[in-house]
Number of protein chains: 2
Amino acid sequence: MDLGDIRAAIVAPDPAAAAAARERIDQLTKPVGSLGRIEDLAVQLAAIAGGTPAHAYERRAILIGAGDHGVAADGVSAYPPEVTAQMVGGFLAGFAAISAFARTAHAPVFVANFGVREPLGTHPQLLDVNVGYGTANLAKRAAIKHADLGYVLAAGTAAFDEVRERAPFDVLALGEMGIGNTTSATAIVAAFTGKPVQNVVGRGTGIDDERLARKIAAIERALARCNDFTWDEIASEMGGYEIVALAGVILCAARARIPVVLDGFIVAAAALIAGAIAPAALGYCIAAHRSHEPGHAVALEALGLRPLLDLELRLGEGSGAALALPLIESAARMIREMKTFAEAGVATSDQETATV
Amino acid sequence: MDLGDIRAAIVAPDPAAAAAARERIDQLTKPVGSLGRIEDLAVQLAAIAGGTPAHAYERRAILIGAGDHGVAADGVSAYPPEVTAQMVGGFLAGFAAISAFARTAHAPVFVANFGVREPLGTHPQLLDVNVGYGTANLAKRAAIKHADLGYVLAAGTAAFDEVRERAPFDVLALGEMGIGNTTSATAIVAAFTGKPVQNVVGRGTGIDDERLARKIAAIERALARCNDFTWDEIASEMGGYEIVALAGVILCAARARIPVVLDGFIVAAAALIAGAIAPAALGYCIAAHRSHEPGHAVALEALGLRPLLDLELRLGEGSGAALALPLIESAARMIREMKTFAEAGVATSDQETATV
């Protein structure tokens with residue numbers, strides 16, 4: 001992945017298309033502003049599409065980036081690292097939460113093995129883009145060698161291209177799986193925002209006080225190694241493979257002018273990396289939900305994104321992103337399928353300037 | 001509708017089924033509690049079903065109750081009363097917001113003409129259960145004659161039965177249309193909760209200060225006529241036909257042990273009436289969203305319901321209820337289709353008592 005090329009190829013969503021969409025939405029047969037966040041979402045979709053979307057985003061896919069984290073050896077999670085591979089097995093077998101939610105959303109689920117510790121075998125929905133068998137322990141040293149960052153980002157490109165070839169999509173939802181990855185994400189969010197770790201850290205899968213103390217200590221050690229807090233320093237020191245690779249996926253989606261639905265805290269950390277590489281990429285990002293994990297709100301604020309849902313989720317896997325997909329279809333259908341007052345022959349408000 | 005009979009026939013959702021559902025959900029391959037509100041929703045669905053739901057609520061329908069309000073003559077809305085019939089025309093023609101959202105939700109839309117002022121003609125999706133051509137002006141006198149309340153509730157029963165016959169459903173989403181009906185709903189919510197009108201009233205379709213003052217004055221006059229604030233006094237004084245009839249629909253759904261998805265402020269007012277008639281009926285209600293209309297939060301609190309979505313909607317039509325339908329499917333799929341750690345052979349948390 002040539003970062004200069006991709007940075008140059010990513011153009012912010014079209015403000016003229018956004019303004020035209022807003023104008024049309026204000027004339028549809030409903031009080032001005034009465035569909036709230038769905039209207040904002042439709043405006044964003046139109047800006048991304050460069051006009052009224054040509055479809056209702058029914059072609060969609062879910063991509064779960066999976067990777068292991070050396071820091072898991074320090075006991076920062078309630079689950080042992082082999083659970084990463086076991087959960088991936090569940091995604092592929094179709095009995096995980098994301099499997100259930102994906103069936104509601106009529107979206108195929110792909111898993112990109114960006115760096116799982118255990119061998120995963122083969123499966124039609126599994127993408128072998130593995131760049132290593134788990135990162136180094138961020139409590140001790142750089143999780144990813146700095147020289148490898150381009151290679152990890154390129155794994156994201158490969159995954160994006162492969163999903164697009166197998167299941168062409170108009171919107172892509174992202175998720176992740178990796179025991180220990182809230183530790184990595186917390187370090188990333190703290191590093192990008194400058195917020196104290198205490199304000200970002202959470203209990204992830206549900207850890208006790210002792211593990212929480214270990215998690216904080218590991219993050220503090222990684223932060224202490226940072227000097228200039230550039231994206232590449234942060235990505236290298238904190239990892240993980242799936243987070244950095246998902247940043248690559250986000251950049252690809254932005255380059256292709258395809259909206260990308262972010263799941264929770266971990267994917268938000270990936271978006272922070274993508275946004276640091278190419279700020280315009282964030283215009284293609286839709287925050288599906290606000291996670292129960294406290295650092296997610298910090299990350300969303302830094303990203304300048306407002307989440308659509310607030311369902312106290314803290315699972316990951318893309319579960320929140322999958323739940324948001326029907327909202328995207330509804331927003332597109334609103335602007336595509338509703339008529340204006342004039343088109344419909346419905347009497348308009350008798351107030352020129354309705355308070356909205 | 002014999003109210004004694006229906007009250008006796010409505011049994012609260014099954015607490016043993018709820019407890020069994022919670023126990024199973026806690027063993028699924030995810031950290032305990034990590035699907036937040038979706039877990040709560042699945043527990044409610046299981047309690048309603050009396051066990052794990054036998055389906056994923058893919059058979060669904062949307063029922064929009066429509067009616068006109070005499071108080072509209074006082075200029076309490078930004079739109080003239082003929083817009084009720086015009087909007088109903090849009091619902092049936094398929095170019096309204098609810099039409100677009102219903103296509104996403106794969107749900108047919110039915111409109112029950114409970115009391116629209118204008119003639120509506122015939123249409124396969126239009127139910128003729130009209131009990132009058134708009135209510136009386138609640139600012140001056142009882143909106144509905146007390147003796148007619150049973151007749152209006154029975155119109156709700158007729159609509160429920162007709163939709164169920166035409167499009168058998170496992171979940172029913174409710175919406176409404178009626179110029180002036182936020183005035184009626186505000187009066188109902190203020191009457192049931194005892195809250196000052198100022199704390200409940202909003203700008204509905206988007207009215208200016210002058211109309212808002214007229215709206216408040218009308219509501220205050222209706223409230224001043226109430227003596228004992230029983231459900232029947234409130235329903236009679238405040239109306240409207242669609243609100244009281246939708247209360248009848250909610251009672252029917254509860255009697256049939258079918259979950260019913262409430263849209264916004266107006267449907268919440270209907271639920272307050274239903275709950276006053278048969279408190280157990282509220283166990284079958286799912287609050288789709290928190291509307292931008294300020295009185296909705298007041299009503300939801302009185303109903304003891306937590307909304308799923310908060311998208312700053314204030315349109316009505318069932319738009320928010322339609323957006324929530326996929327969440328119900330996802331919750332049902334979670335409990336039906338996910339495996340437990342034991343079933344899946346995934347390592348469990350190494351903490352006996354994970355902090356959640």
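The values are calculated or read from the model by the stated rules, or taken from the named source; none is laboratory data. These figures come from a predicted structure and were not determined experimentally. Cβ atoms come from the backbone with ideal geometry, glycine included; neighbour counts cover every protein chain shown. What goes into the accessible areas is simple: the full protein's heavy atoms, side chains included, and nothing from ligands, DNA or RNA. Shrake-Rupley method; radii C 1.70, N 1.55, O 1.52, S 1.80 Å.
The table below lists the values:
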{"item": "Peptide A:196-206 - average C-beta neighbours from other chains (10 Å radius)", "result": "2"}
{"item": "Protein-protein interface of region B:80-104, residues with accessible area decrease of at least 40 Å², isolated chain reference, 1.4 Å probe", "result": "B:86, B:87, B:95, B:100, B:101, B:103, B:104"}
{"item": "Using a 7 Å Cα-to-Cβ projection, residue A:168 label spacings across copies, nm, ascending", "result": "3.9"}
{"item": "For the protein assembly as shown, share of DSSP beta bridges that run antiparallel, in % to the nearest 5", "result": "5"}
{"item": "Relative contact order of chain B, pairs being alpha-carbon contacts under 8 Å that are 6 or more residues apart, as %", "result": "25"}
{"item": "Region B:18-151 - charge dipole about Cα centre, Lys and Arg +1 at Cβ, Asp and Glu -1, debye rounded to 20", "result": "160"}
{"item": "Modelled FRET efficiency - R0 41 Å, residue A:2 with residue A:26, Cβ distances, 0.05 increments", "result": "0.45"}
{"item": "Probe 1.4 Å, accessible area per residue of region A:228-285, Å²", "result": "16"}
{"item": "Listed peptides A:34-41, B:323-330 by packing density, highest first (mean Cβ within 10 Å)", "result": "B:323-330, A:34-41"}
{"item": "Accessible surface ranking that places the most exposed of B:24, B:59 first, with a 1.4 angstrom probe", "result": "B:59, B:24"}
{"item": "Simple label model, 7 Å out from Cα along Cβ direction - residue B:123 to residue A:226, nm", "result": "5.6"}
{"item": "For the A-to-B rotation axis, chain A residue with nearest beta carbon and its distance in angstrom", "result": "A:326, 2"}
{"item": "Most to least packed among A:221-232, A:146-157 [average Cβ atoms within 10 Å]", "result": "A:146-157, A:221-232"}
{"item": "Label point 7 Å beyond Cα along the C-beta direction, distances from residue A:7 to other copies (nm, shortest first)", "result": "7.3"}
{"item": "Between 0 and 90°, nearest 10: helix B:319-337 axis offset from chain B longest Cα axis", "result": "20"}
{"item": "Summed residue charge, Cβ within 15 Å of residue B:127's Cβ, Lys/Arg positive, Asp/Glu negative", "result": "-4"}
{"item": "Counted charge near residue B:177, where neighbours are those whose Cβ lies closer than 10 Å (Asp, Glu -1; Lys, Arg +1)", "result": "-4"}
{"item": "Approximate spin-label separation residue B:306-residue A:12, in nm, with each point projected 7 Å along Cα-to-Cβ", "result": "3.8"}
{"item": "Under 14 Å, Cβ to Cβ, from residue A:117 - net charge with Lys/Arg +1 and Asp/Glu -1", "result": "-4"}
{"item": "Carbon/sulfur fraction of accessible area - region B:70-128, other protein chains in place, 1.4 Å, %", "result": "56"}
{"item": "FRET efficiency for residue B:213 and residue B:166, using Cβ-Cβ distance with R0 set to 56 Å, rounded to 0.05", "result": "0.80"}
{"item": "Percent antiparallel among DSSP beta bridges (both partners in chain B, rounded to 5)", "result": "5"}
{"item": "Whole-number Å³ per residue for the convex hull built on Cα positions in chain B", "result": "128"}
{"item": "Angle between chain B longest axis and helix B:241-255 axis [Cα atoms, degrees, rounded to 10]", "result": "30"}
{"item": "Accessible-area value, residue A:32, 1.4 Å probe, nucleic acids and ligands omitted, Å²", "result": "60"}
{"item": "Sequence of A:7, B:60 when ordered by accessible area, the most exposed leading, probe 1.4 angstrom", "result": "A:7, B:60"}
{"item": "Degrees separating the helix B:181-193 axis from the principal Cα axis of chain B, which is the longest one", "result": "70"}
{"item": "Distance between region B:259-286 and region B:37-82 - C-alpha centres, whole angstrom", "result": "9"}
{"item": "30 Å Cα cut-off, lysine pairs counted over chain A (separation 8 or more, or different chains)", "result": "6"}
{"item": "Value at 222 nm in deg cm²/dmol, rounded to 500, when DSSP H runs of n ≥ 4 in chain A each add -39,500 (n - 2.57)", "result": "-15000 deg cm²/dmol"}
{"item": "Label 7 Å beyond Cα on the Cβ vector: residue A:54 copy-to-copy distances, nm", "result": "4.6"}
{"item": "Accessible-area ranking of B:220, A:293, A:165, largest first, probe 1.4 Å", "result": "A:165, B:220, A:293"}
{"item": "Filtered trypsin sites (Lys or Arg not before Pro), region B:121-192: DSSP coil and at most 16 other beta carbons within 10 Å", "result": "B:140, B:141, B:145"}
{"item": "Accessible-area value, residue A:122, 1.4 Å probe, nucleic acids and ligands omitted, Å²", "result": "140"}
{"item": "Buried area at the B-A interface (accessible, heavy atoms, 1.4 Å probe, summed, Å²)", "result": "5500"}
{"item": "Burial of 20 Å² or greater, region B:23-38 residues [accessible area, probe 1.4 Å, versus chain by itself]", "result": "B:29, B:31, B:34, B:35, B:36, B:37, B:38"}
